[in-house]
Amino acid sequence: MMRHRSIGTLLACATMALSSTATAASFTSVEEFTLPTPWTAEAMAAEIPLPEYPRPQLARERWLNLNGNWEYMGGKELPSPVDAATPPAFKKNAETIRVPFPPESELSGIARKDDTNLWYRRTFTVPGDWKGDRVMLNFGAVDRVASVFVNGKKAGAHTGGYDAFSMDITDFLKPGENVLIVGAYDPNDGKAACGKNGPHGDYVFTSGIWQTVWLEPVGKNHISEIRLQPDVKNNRLEVTAYSGDPQLKVAAIATDGTKQVASKEGNSDATFYLPIPDARLWSPDDPYLYNLTVQLKDKKGKVVDEVKSYFGMRSVELGEVDGTMRPLLNGEFLFNIGLLDQGYWPDGAFTAPTDEALKYDIELAKRAGFNVIRKHIKVEPQRWYHYCDSIGLMVWQDMPNLWLPDGEDSVAVRRQFREEMKTMIDQHRNSPSIVMWVPFNENWGAFDVAEITEDVKNYDPSRLVNGLSGFNYAPGYRPAPGDPGNGDFIDLHHYGRIEPNAVPRPEKTRAASLGEFGGKGLFVRGHMWPVRNDAYEMMINKDQLSDTYVMMLTELEQLIRYFGLSTGIYTQTTDVEHEINGLVTYDRKVEKMDLDKVRDINQGVINATRKKQK
């Protein structure tokens, strides 16, 4: 959205007891919070916040959650984690932070901005029954450059604020208590894939550890990654499991509930095909998921590693329907009516306070009759995509944008952006809910748009690509690349009256998309962030807001039928800080629209315009 101003049950694994020297973080009562959510108290009381297993499509039974109270130091005057060969010493009276909430959030217990150099410390003991295993240290995400030290020695480093990453720390461990120190550097300079979490974004800037940290035992030979690609046309699932040893065997077993559907064996690091006859297709109406077990076998046929996963069978493509280019799901045009979703929280900032809270926004969209969530220039924890998969919401996944891709360091900055976009695709491509990649939004830090659009399309031809959503908007501080002319969509944003001149027309090779619209606001006293609150247009009350939405959808239906429009993304799921244009308030306590009316009009338009390709 153009707000630029200054210029499952599968995962119910038990969490084991932890060892930590840190005491409880500050912000000890809900009353201290600026705008608590229904989950704030639960998050505060949890000894281990977000205790759920964090990686739904590569799940193991044994693991150790390291969330909770860590010692913390932060400030520009501290050593930079980027250059540090050894970690700094922590004072006995060091602050305490509640991981994985970023230090800018109130749930972290710190609630301080711009620390830049962030240092975390905790102790842990490896469970006795892990003896003989390799121990992997896993991070859901650390913003932005992370350096990891175990017992004073550097175990590894990572760059990328939205990427999951892992490292083998076995050789750094000792019997009994071990010391883990994580340094995070985030200069907030706009020269990274940051999205709203950057110097020109509208919301609170966040940094450091913001997703779950955990340990996991594995064998010397183990599965490091799996890739799953449904092939509906040929009644099969494309499977690739990586271990680094192509001589090892991999077995894939798919089940439908308790009944085995198919099994197949192939080689590690090589693609093989699992037959799925008469597949039950995934869709928002029927978000059916098959369970999948993937086993790694040694040369004698012994299973040396096993992970649990799942997959959905569905096809995504562009095709003509009655002479108009349309996005097709399983061969059918399904009008994409969705919500622009920012993923911010008044108590946790970038991090949802609990797993139920993470799921709430998705369930809200589903309850209101939407079939798409456009995840706006943020990449969520993997459990978020699991809920979209299982609840049944298609996802448009934005790449978090740069703000400043130019300058003397532009070659390195642009290369890093491309690498992180590839990583985003790799880490989330198994989710059937993701139907589209959006490399750029409203010209924000956009560069080489046509080339990158084509690169993404070639890298993942199984999905649609919307190269530059809202190319008609631009922040104004640098030339706007504009319409790339390629990809699967011509996409405009429009926040005024819904009428024919507000939307693009479909082309021979591209469908027409209204990537953002709406933005209607409503004041709800007592549930707003303490700043100047605004929206594109203010409504008087809930009835007017709801009826205005119904009218907009009614007008959109005309544009679908007679002008070739295929998508519409309403702004937005929730209020966020100064923006009060959500379906619900920022604290998720008040529904600002009549969701029955919203659901009825959404479903009415979807059903009235859906049509199979001939």
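The values are calculated or read from the model by the stated rules, or taken from the named source; none is laboratory data. The model shown is predicted, which means the values in this text are computed figures rather than measured ones. Using ideal geometry, Cβ is built from the backbone for each residue, glycine included, and neighbour counts are taken over all protein chains shown. In case anyone asks, the SASA skips ligands and DNA or RNA and just uses the protein heavy atoms, side chains included. Shrake-Rupley method; radii C 1.70, N 1.55, O 1.52, S 1.80 Å.
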Expressed in nanometres to one decimal, the distance between label points 7 Å along Cα→Cβ at Lys153 and Lys220 is 1.9 nm
Taking Cα centroids, how far is region 409-461 from region 119-176 in Å? 28 Å
Could you check how much of the accessible area of region 174-251 is carbon and sulfur, as a whole percent, using a 1.4 Å probe? 44 percent
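With a cut-off of 8 Å between alpha carbons and a minimum separation of six or more residues, what is the relative contact order of region 312-407 in percent? Numbers along the way, then the final one.
Numbers: 124 pairs, mean separation 21.2, N = 96.
Reported relative contact order: 22 percent.
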Please list, in order along region 532-548, the HN-Hα scalar couplings obtained from phi with the Karplus expression 6.51 cos²θ - 1.76 cosθ + 1.60 (θ = phi - 60°), rounded to whole Hz, x for Gly and Pro. 5, 8, 7, 6, 5, 8, 8, 9, 7, 7, 4, 5, 5, 4, 5, 5, 5
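With all protein chains present, how much of the accessible area of region 569-614 (probe radius 1.4 Å) comes from carbon and sulfur, to the nearest whole percent?
Details: 690 of 1530 Å².
That fraction is 45 percent.
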Label 7 Å along Cα→Cβ of Asp409; region 167-200 residues with amide nitrogen under 18 Å? 184-195, 197-200
Using R₀ = 41 Å, calculate the FRET efficiency as 1/(1 + (r/R₀)^6) where r is the Cβ-Cβ separation of Lys174 and Thr34; round to 0.05. 0.45
What distance in nm lies between label points placed 7 Å from Cα along the C-beta direction at Tyr459 and Lys259? 4.0 nm
Where in region 298-358 are there trypsin sites (Lys or Arg not before Pro) that are in a DSSP coil and have at most 15 other Cβ atoms within 10 angstrom of their Cβ? Lys299, Lys300, Lys302
Carbon and sulfur together cover what percent of the accessible area of region 314-410 at a 1.4 Å probe radius? 45 percent
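I'd like the FRET efficiency for Lys422 and Gln247, computed as 1/(1 + (r/R0)^6) with the beta carbon distance as r and R0 of 35 Å, rounded to 0.05. It would help to have the intermediate numbers written out before the result.
Numbers: r = 27 Å, r/R0 = 0.78.
That gives a FRET efficiency of 0.80.
Using the heavy atoms of the protein chains alone and a 1.4 angstrom probe, what is the accessible area of the chain per residue in square angstrom?
On the way: 22520 Å² over 614 residues.
Normalised by residue count, the accessible surface of the chain is 37 Å².
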Ala450 to Val82: FRET efficiency via 1/(1 + (r/R0)^6), r the Cβ-Cβ distance, R0 41 Å, to the nearest 0.05? 0.75
First select every other residue whose beta carbon is under 11 angstrom from the beta carbon of Tyr570; then total the charges, Lys and Arg +1, Asp and Glu -1. 0
How high is the relative contact order of region 197-345, given as a whole-number percent (alpha carbon pairs under 8 Å, six or more residues apart)? 18 percent
